[in-house]
1. Can you pull the percent of the chain's accessible area that's carbon plus sulfur, 1.4 Å probe, other chains left in place?
2. Run through every distinct alpha carbon pair of segment 86-151 and return the Kirkwood hydrodynamic radius in angstroms, one decimal place.
3. Please sort by residue number the trypsin sites (Lys or Arg not before Pro) in segment 13-121 whose DSSP state is loop and whose Cβ has at most 10 other Cβ atoms within 10 Å.
4. What is segment 73-125's relative contact order, in percent, from Cα pairs under 8 angstrom and six or more apart in sequence?
5. Could you work out the helix-only [θ] at 222 nm for the chain, with each DSSP H run of four or more residues adding -39,500 (n - 2.57) and the total divided by the number of residues, to the nearest 500 deg cm²/dmol?
6. Per residue of segment 105-112, in order, report the coupling 6.51 cos²θ - 1.76 cosθ + 1.60 (Karplus, θ = phi - 60°) as ³J(HN,Hα) in whole Hz, putting x for Gly and Pro.
7. How charged is the neighbourhood of Ile111? Take every other residue with its Cβ under 13 Å from the Cβ of Ile111, and add Lys/Arg as +1 and Asp/Glu as -1.
8. Counting Lys and Arg as +1 and Asp and Glu as -1, what is the net charge of the other residues whose Cβ lies under 10 Å from the Cβ of Ser60?
Amino acid sequence: MADITLRIARKEDCPRLMELIRELAEFEKAPQEVTVSLAHFEEAGFGASPVWKAFVATASDADGKELVVGFALFYIRYSTWKGCRLYMEDLIVTEQWRGKGIGKLLLDRIIEEAKERQYSGVLWQVLEWNEPAINFYKKYAAKFDPEWVNVSIELS
């Protein structure tokens, strides 16, 4: 495996993170669902009241330039039953870098972050047809909950 470094995301990473988000949306057959602007994404992560953080996975190209090849974006979710929990919104590794252990590095770092903060757990969603991701998460003894249904109200 190439040398992969994990670090906290910086504002200047946002254009690349948006590229990876669009790549994920294409994979999930929903590119039209990405409606957030780069400006809003940056403000939500690095503005006066940030609501998300992310760990980025980087590698170096042949010229030694840093490349962001994946990331895990997260935020705090509060459960009235369980207390503070870390919610992983997305874990993305660009296609040409998959299968190299980067997803494991990112998920391990997310779990470590939750433990450091003394949260009661980590939650996320996975599409029911995404077998590679489901099989990956099963290696962590992740609990899959078929009982709850996703609900949302779109405001724009």
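1. Here it works out to 52 percent.
2. 13.1
3. Lys29, Lys65
4. 41
5. Per the formula, -9000 deg cm²/dmol.
6. Working through the residues one at a time gives 4, 5, 5, 4, 5, 4, 4, 4 Hz.
7. Value of the local net charge: +2.
8. That sum, taken over residues with Cβ under 10 Å, equals -3.
The values are calculated or read from the model by the stated rules, or taken from the named source; none is laboratory data. Computed from a predicted structure; not experimentally measured. When we count neighbours, we look across all protein chains shown, and the Cβ atoms used for this are built from the backbone with ideal geometry, even at glycine. Note: areas computed on protein heavy atoms with side chains; ligands, DNA, RNA excluded. Shrake-Rupley method; radii C 1.70, N 1.55, O 1.52, S 1.80 Å.
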